[in-house]
Amino acid sequence: MAFGGAVLVVELGAREHAGSTPAFERALAIFEKVLGPDHPNVATLTNNLGRVLQDLGDLAGAKAAYERALELDEAWGEGAIHEYFLVLDPGRTPAEGGGVEKAKQHYERALALSKNKKLGPHVSYAEGVLVKAQDREAFTKLLEEVLRADVDADRPHRLENVLAQRKARLLLDHADDLFL
């Protein structure tokens, strides 16, 4: 419990003040020393550090933190780290460690780890991969499936699924802007 409180305080501080990131990194070093480098809380804190760095605009630092978190606990957040890479990879080349094929792999892992209960990976895949491929038919079909999904069928993911449906609706409403 004490560690959880420490994570929250450090995370909130880092989000508020860019200069607090070193404190976050020190907390991570303490967790690794006390709990061991493979402990689930280390993976959680590493993932959270990635989010803070992302929020601060340090995308290279965020990517490195997310890659490490993925190595520590691929299943963290029921595939949430794969969801991050699903958004990132379509905009990177294979030489940069990304690309459409890599994004497809993260999409499949995110769905498998969430037992296909999260709608967000479908929306991210449609936006990142299908728009890039200019595959409007598949884009429309996938997002319409997202809109037909019963968000009440899985209460633990209800909020994020409602938000995914809203984004799906927004993307479909602006499809003419996304496809040539």
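The values are calculated or read from the model by the stated rules, or taken from the named source; none is laboratory data. Quantities reported herein were computed from a predicted structural model and do not represent experimental measurements. Using ideal geometry, Cβ is built from the backbone for each residue, glycine included, and neighbour counts are taken over all protein chains shown.
Brief remarks follow.
- Output for segment 31-64, where each listed residue is out of contact with any His (no Cβ under 9 Å at 6 or more places or on another chain), farther than 17 Å from Phe85 by Cβ, assigned to a helix (DSSP H, G or I) and of a type outside the set (D, E, K, R): Val34, Leu35, Pro40, Asn41, Val42, Thr44, Leu45, Val52
One line per residue, one yes/no per condition, for (1) at pLDDT below 80; (2) within 26 Å of Leu111 (Cβ to Cβ); (3) among the acidic types (Asp, Glu); (4) surrounded by 12 or more Cβ atoms within 10 Å (Cβ to Cβ):
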| residue | (1), (2), (3), (4) |
| --- | --- |
| Gly4 | yes, no, no, no |
| Leu12 | yes, no, no, yes |
| Ser20 | yes, no, no, yes |
| Lys33 | no, no, no, no |
| Asp38 | no, yes, yes, no |
| Ala43 | no, yes, no, yes |
| Val52 | no, no, no, yes |
| Arg68 | no, yes, no, yes |
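- Taken together, the criteria place Pro121 among residues that are on the phi < 0 side of the Ramachandran plot, in contact with an Asp or Glu (Cβ under 8 Å, 6 or more places away or on another chain) and touching a residue at least 40 places away in the same chain (Cβ under 8 Å).
- Of note, Ala60 does not satisfy the criterion of being of a type in the set (A, V, I, L, M) and either in contact with a strand residue (DSSP E or B) (Cβ under 8 Å, 6 or more places away or on another chain) or surrounded by 16 or more Cβ atoms within 10 Å (Cβ to Cβ) (or both).
- Scanning segment 128-155 for residues that are of a type in the set (Gly, Ala, Ser) and surrounded by 13 or more Cβ atoms within 10 Å (Cβ to Cβ) returns Gly128, Ala138, Ala149.
- Residue match in segment 107-127 (condition: more than 20 Å from the chain's Cα centre (by Cα) and surrounded by fewer than 15 Cβ atoms within 10 Å (Cβ to Cβ)): no
- Segment 94-103, residues that are more than 14 Å from the chain's Cα centre (by Cα) and closer than 14 Å to Gly128 by Cβ: Gly98, Gly99, Val100, Glu101, Lys102
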